[in-house]
Amino acid sequence: MIKVVTILGARPQFIKAGSVSRELAKHHNIKEVIVHTGQHYDANMSDIFFDEMKIPKPDYFLGIGGNSHGAMTGQMIEKIEAVLLNEQPDWVLVYGDTNSTLAGAIAASKLHIKVAHIEAGLRSFNMNMPEEVNRILTDRISSILFCPTQTAINNLQSEGVDKWQTQVSLSGDVMQDGAIFYKELAEKPVDLELNGEFLLSTIHRAENTDSVSRLTAIVESLNFIAESISIVLPLHPRTKAKLDALSVKLSPAVKVINPVGYLNMVWLIDNCKLVMTDSGGLQKEAFFFAKPCITLRDETEWVELIEHNFNILVGADKETLISAYNEHVFSKDFNVDLYGNGLASSHIINALINYEM
């Protein structure tokens, strides 16, 4: 029997981990224990959420969140260590780049428990992002690095991974596994009235919301584009507060809706004409559903989307954004395997079962 402890801290991580958990459940010789650190409190993560999303409920809830990065990470290490001492797992699985990810990796490595990092090797090359620090440190202390793309492997090789005591595996991306699974469960948001084609936009990244000039330029761009096509904008309360403080306001042609659940978001991605976002995950999901993407950032971890012309970086420049929408010709051939074609979870489980070092 192989025991795996999975460390998660935010709703997107649960959705990613759901694909791996469903694959783990197929193996009677593997037991998974799920730990929710509580890093991001989410009132939508009720029992109904886990039932609708076909995701196992956490076995532990640590209730840590809302503190500074240092305090939060330190408390997580302490409480995760207690769980690991109690469970004595063979593996600790961590996802992505949150404080929960780093804390889980540190706690496990100190106890000499093998760490598997899913979404390893991603780099924005922006050390001002706490996520960048988390992912670099987690990679360095993991026993096996599951890379979603060849670019991620190239990043690790440039950092000297061949000299680390770790294995590197091109797994594909578990998010594509999830997109394929959830497409059949997608639901249109209630009370959303649409007439014809629409664009989907999200704005949440601090580099945009905390900059008056960048946020103003984005709003002016959305208003201009909305004169010719509807834009649906699910809006987080924090971003809404920043928008309310601006002198320029969103046009009524921009359909602002409350944040939606993942199944609603899948419906919006699947049915929109194009995505405009500063989200990392949504860039990939646009590709999964064969939609072009305009990214409101100066860099992206998903450079293969840029290289294959499914995505274009515009930063927060009004003229560049509007020009990208009006003039850029995106590739229409989405029949290319960039992320594993939905087989990442199976690859990950087989690698854990057959691990030798």
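Within the range 291-339, the set of residues being open to solvent by 20 Å² or more (accessible area, probe 1.4 Å), of a type in the set (A, V, I, L, M) and closer than 21 Å to Cys147 by Cα comprises Val303, Ile306, Val336, Leu338. Residue count for the range 300-344, restricted to those that are more than 23 Å from Ile203 (Cα to Cα) and in a loop (DSSP other than H, G, I, E, B): 15. Candidates in the range 226-239 are the residues that are under 22 Å from the mean Cα position of the chain (by Cα) and surrounded by fewer than 17 Cβ atoms within 10 Å (Cβ to Cβ); of these, the one that is farthest from Leu268 (Cα to Cα) is Arg238. When Gly121 is tested against (1) open to solvent by less than 20 Å² (accessible area, probe 1.4 Å); (2) not in a loop (DSSP other than H, G, I, E, B), just one condition goes unmet, and that condition is (2). Residues in the range 124-146 that are over 18 Å from the mean Cα position of the chain (by Cα) and open to solvent by less than 10 Å² (accessible area, probe 1.4 Å): Ser142, Ile144. Do we find a residue being outside any helix (DSSP H, G or I) and of a type in the set (Lys, Arg) anywhere in the range 279-299? Taking every residue of the range 279-299 in turn, at least one turns out to be outside any helix (DSSP H, G or I) and of a type in the set (Lys, Arg). Residue-level check: of (1) over 23 Å from Met127 (Cα atoms); (2) open to solvent by less than 40 Å² (accessible area, probe 1.4 Å); (3) modelled with pLDDT of 95 or more; (4) not in a strand (DSSP E or B), Asp270 misses just (2). Say whether the condition of being out of contact with any Leu (no Cβ under 6 Å at 6 or more places or on another chain), over 24 Å from Ile113 (Cβ atoms) and among the hydrophobic types (A, V, I, L, M, F, W, C) is met by at least one residue in the range 7-19. Yes: the range 7-19 contains one or more residues that are out of contact with any Leu (no Cβ under 6 Å at 6 or more places or on another chain), over 24 Å from Ile113 (Cβ atoms) and among the hydrophobic types (A, V, I, L, M, F, W, C). Entry remark, the range 184-209: residues being more than 21 Å from the chain's Cα centre (by Cα), at pLDDT below 95 and open to solvent by 80 Å² or more (accessible area, probe 1.4 Å) number 4 in total.
Taking the criterion of being surrounded by fewer than 24 Cβ atoms within 10 Å (Cβ to Cβ) and not acidic (Asp, Glu), the residues of the range 74-95 that qualify are Gly74, Gln75, Ile77, Lys79, Ala82, Val83, Leu84, Leu85, Asn86, Gln88, Pro89, Trp91. Every condition in (1) open to solvent by less than 90 Å² (accessible area, probe 1.4 Å); (2) within 20 Å of Met129 (Cβ to Cβ); (3) in a helix (DSSP H, G or I) holds for Asn223 except the one numbered (2). The set of residues from the range 347-357 being over 19 Å from the mean Cα position of the chain (by Cα) and either surrounded by 18 or more Cβ atoms within 10 Å (Cβ to Cβ) or touching a residue at least 40 places away in the same chain (Cβ under 8 Å) (or both) comprises His347, Ile349, Ala351, Leu352, Ile353, Tyr355, Met357. Out of everything in the range 8-61 that is basic (Lys, Arg) and under 16 Å from Ile348 (Cα atoms), what residue ends up being surrounded by the most Cβ atoms within 10 Å (Cβ to Cβ)? Filtering first and then ranking leaves Lys16. For the range 152-180, filtered to residues that are closer than 28 Å to Lys255 by Cα and touching a Lys or Arg at 6+ places or on another chain (Cβ under 8 Å), the residue that is least open to solvent (accessible area, probe 1.4 Å) is Gly178.
Of all residues in the range 202-231, exactly one satisfies the criterion of being farther than 18 Å from Asp317 by Cα and touching a Ser or Thr at 6+ places or on another chain (Cβ under 7 Å), namely Ile231. Scanning the range 229-267 for residues that are at pLDDT below 95 and of a type in the set (Phe, Trp, Tyr) returns a single hit, Tyr262.
The values are calculated or read from the model by the stated rules, or taken from the named source; none is laboratory data. Please read all numbers here as calculations on a predicted model, not as lab measurements. Neighbour counts run over all protein chains shown; Cβ positions are idealised from the backbone, glycine included. For the accessible areas, the whole protein counts, side chains as well, though only heavy atoms, and no ligand, DNA or RNA atoms are used. Shrake-Rupley method; radii C 1.70, N 1.55, O 1.52, S 1.80 Å.
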